[in-house]
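K.L.:
Supplied in structure tokens, the structure appears directly below.
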Amino acid sequence: MKTDLTDTTSSKINKALVLGRRAIGTPAVGMVLTLVIVTDEENAYDALKAANEASREHPSRTLVVVKRVSRSPRDRANTRLDAEVRLGADAGSGETVVLRLYGEVVDHAQSVVLPLLLPDAPVVVWWPVNAPTDPANDPLGALAQRRVTDTYAAEQPIEELTARADTYTPGDTDLSWTRITPWRSMLAAALDQVHCKVTSAVVEGEEFNPSVELLAMWLAERLKVPVRRSTSGGPGLTSVRLETSAGPIVLDRPDGSLATLSIEGQPDRAVALKRRETAELIAEELRRLDPDDTYAASLKFGLERLDDEAAVTAPAPEEPASDATAAPESAAESAGSAAEPAKKAPAKKAPAKKAAAK
């Protein structure tokens, strides 16, 4: 059931919801939360489709806030709110209200959304694209217990990830973090099978993918070992290699669907590790509404601490003494000075250290 309302108000939308529930024979409200989606017209369809699929697990009232861009000063002066109310089969397992804001009301979306929130129910705000730098201080984000962003959709994902770390507030989360949940589970299970000590790690994935950085920071923060980030052609995350005292542990997924887990001394195993759709990611995030402390610790670990020279550079192998090194020592011995070789030795090892650092 669909009801279109033009140039309307929040009270008229609430009245349409009540009348719609009576018309389809479900006067009771069975939703468990309010999901507010803040997006543009281009991405509204995909976001709403994902929310409807997630509502099968989490029945919710979905409010889609679409801020329309006015092309002329005259249009910007005209404030209008249009709404589309969907109930029944058209709204999944909950209720859907698509709000289109025009003019000055675009800057006051919270005043439109607030009367439509379910009473005594948690609120989750999701920005599929164009998320604010500080979601907790956004007018809509301030209404929510959980704020979901997606740095993968940002124009500069890695810079966006750094900004998220600087403005993190308990309740913030990111779908780039949700995407690596199966990877974290598989790596933790692999380490439970082997009694060993991890010495270093390498995380490989496509360029400009924040999930790769988040997984690397999670490993570095939890294992307290140096972690290096490597670039591949994708798709997404492709490989994680853990160097341990019992041999390497490798989780490799070259095709984005099926992975191979290799543990020293054990046969290789095929593991289902496919890339998940947005609906599955949103459904996972809606399962918990408390702050994600693990995400916070990994995010605040800092990108600058990855690929650090002291962390990833192996000790330079000792090179055999060359003729160029032996000549000064012979000259020093002929001059009868025992301290001179000790002074010259560090000078000859300096180029090797610089080369290792590069």
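The values are calculated or read from the model by the stated rules, or taken from the named source; none is laboratory data. Computed from a predicted structure; not experimentally measured. When we count neighbours, we look across all protein chains shown, and the Cβ atoms used for this are built from the backbone with ideal geometry, even at glycine. Remember, those area values only see protein heavy atoms, side chains included, never the ligands or the DNA or RNA. Shrake-Rupley method; radii C 1.70, N 1.55, O 1.52, S 1.80 Å.
K.L.:
Going through the range 103-153 one residue at a time, which ones are of a type in the set (V, I, T) and within 19 Å of the chain's Cα centre (by Cα)?
P.N.:
V124, V125, V129, T133, V148, T149, T151
K.L.:
Taking the residues in the range 144-155 that are without any contact (Cβ under 8 Å) to a residue 40 or more places away in the chain and closer than 23 Å to S257 by Cβ as candidates, determine which candidate is surrounded by the most Cβ atoms within 10 Å (Cβ to Cβ).
P.N.:
Among them, the one singled out is D150.
K.L.:
Tell me the residue from D120, D107 that is of a type in the set (D, E), part of a helix (DSSP H, G or I) and out of contact with any strand residue (DSSP E or B) (no Cβ under 8 Å at 6 or more places or on another chain), please.
P.N.:
None of the other options fit; the residue is D107.
K.L.:
Ok, one more. Please work out which residue is modelled with the highest pLDDT, limiting yourself to the range 290-312 and to residues that are surrounded by 15 or more Cβ atoms within 10 Å (Cβ to Cβ), part of a loop (DSSP other than H, G, I, E, B) and not charged (D, E, K, R).
P.N.:
Checked the range 290-312; the qualifying residue modelled with the highest pLDDT is P291.
K.L.:
Could I ask something else about it? With within 11 Å of the chain's Cα centre (by Cα) and in contact (Cβ under 8 Å) with a residue 12 or more places away in the chain as the only criterion, which of W177, W183 stands out?
P.N.:
Checking each option against the conditions leaves just W177.
K.L.:
Among the residues that make up the range 156-173, is at least one of them open to solvent by 60 Å² or more (accessible area, probe 1.4 Å), of a type in the set (S, T, N, Q), in a strand (DSSP E or B) and modelled with pLDDT under 95?
P.N.:
No: zero hits.
K.L.:
Right, another one. Can you tell me which residue is farthest from the chain's Cα centre (by Cα) among those in the range 186-216 that are polar (S, T, N, Q) and not in a helix (DSSP H, G or I)?
P.N.:
T199
K.L.:
Oh, and also: Return yes when R56 is of a type in the set (K, R), open to solvent by 20 Å² or more (accessible area, probe 1.4 Å) and part of a loop (DSSP other than H, G, I, E, B) and no when it is not.
P.N.:
The answer is yes for R56.
K.L.:
Could you go through the range 231-253 and let me know if any residue there is modelled with pLDDT of 90 or more and assigned to a helix (DSSP H, G or I).
P.N.:
No - not one qualifying residue is present in the range 231-253.
K.L.:
Would you be able to tell me the number of residues in the range 94-131 that are surrounded by 17 or more Cβ atoms within 10 Å (Cβ to Cβ) and hydroxyl-bearing (S, T, Y)?
P.N.:
2
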